[in-house]
1. Using the count of nearby Cβ atoms within 10 Å as a rough guide to exposure, how do 123, 45, 37, 52 rank from fewest to most?
2. Once you have a ≥ b ≥ c as the square roots of the Cα gyration tensor eigenvalues for region 3-132, tell me rounded if a/c is under 1.5, and otherwise prolate or oblate according to whether a/b is larger than b/c.
3. Arrange the following residues from fewest to most other Cβ atoms within 10 Å of their Cβ: 79, 89, 138.
4. Determine, from the Cβ-Cβ distance of residue 134 and residue 100 and an R0 of 30 Å, the FRET efficiency 1/(1 + (r/R0)^6), rounded to the nearest 0.05.
5. Give me 30, 119 ranked fewest to most by other Cβ atoms within 10 Å of their Cβ, as a rough exposure proxy.
6. Starting from the Cα-Cα distance between residue 79 and residue 93, subtract it from 0.36 nm times their residue separation and give me the gain in nm to one decimal.
7. For residue 47, project a label point 7 Å along Cα to C-beta. Then give me every residue of region 73-111 with its amide nitrogen under 15 Å of that point.
């Protein structure tokens, strides 16, 4: 079975998979990644586990294994969660008088939950960003680091 028939019945989707010269829309790629879908076609899954990306898209065959998301998704998660939680904490502290234990019972779980909810979509958006800008191995010029 050839790679073309293995990945999709639509030949137009295959033409652009792994194509280093095709036009790539940054906004669409990041939105698709944010939805945890392939930045190329928007159909295939981007992750095989919580933050482990697939090697290639099941729908279009776009190789994803060589992305270099590394530290940006956790950094963005910390940045966003920190700002949201601190703002909410300060608003709650200003509105009601709670003990430190009550604050901890509220804000520790909120922080953990927000971090878990945001990590995968932010990693997907980072992979979409790299794909659209041809970074981290998506240019086809052997940028893989060993």
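1. By the 10 Å Cβ count, ascending: 52, 45, 37, 123.
2. prolate
3. Exposure proxy ranking, most exposed first: 79, 89, 138.
4. Here the calculated transfer efficiency is 0.05.
5. Fewest to most other Cβ atoms nearby, the residues stand as 119, 30.
6. Full extension from residue 79 to residue 93 adds 2.9 nm.
7. Counting only backbone N, you get 73-78.
The numbers here are math on the coordinates, done by the rules we state, and not lab data. Only a predicted model underlies this, so the values are computations on that prediction, with no experimental measurement involved. Note that we place each Cβ from the backbone using ideal geometry, even for glycine, and neighbour counts take in every protein chain shown.
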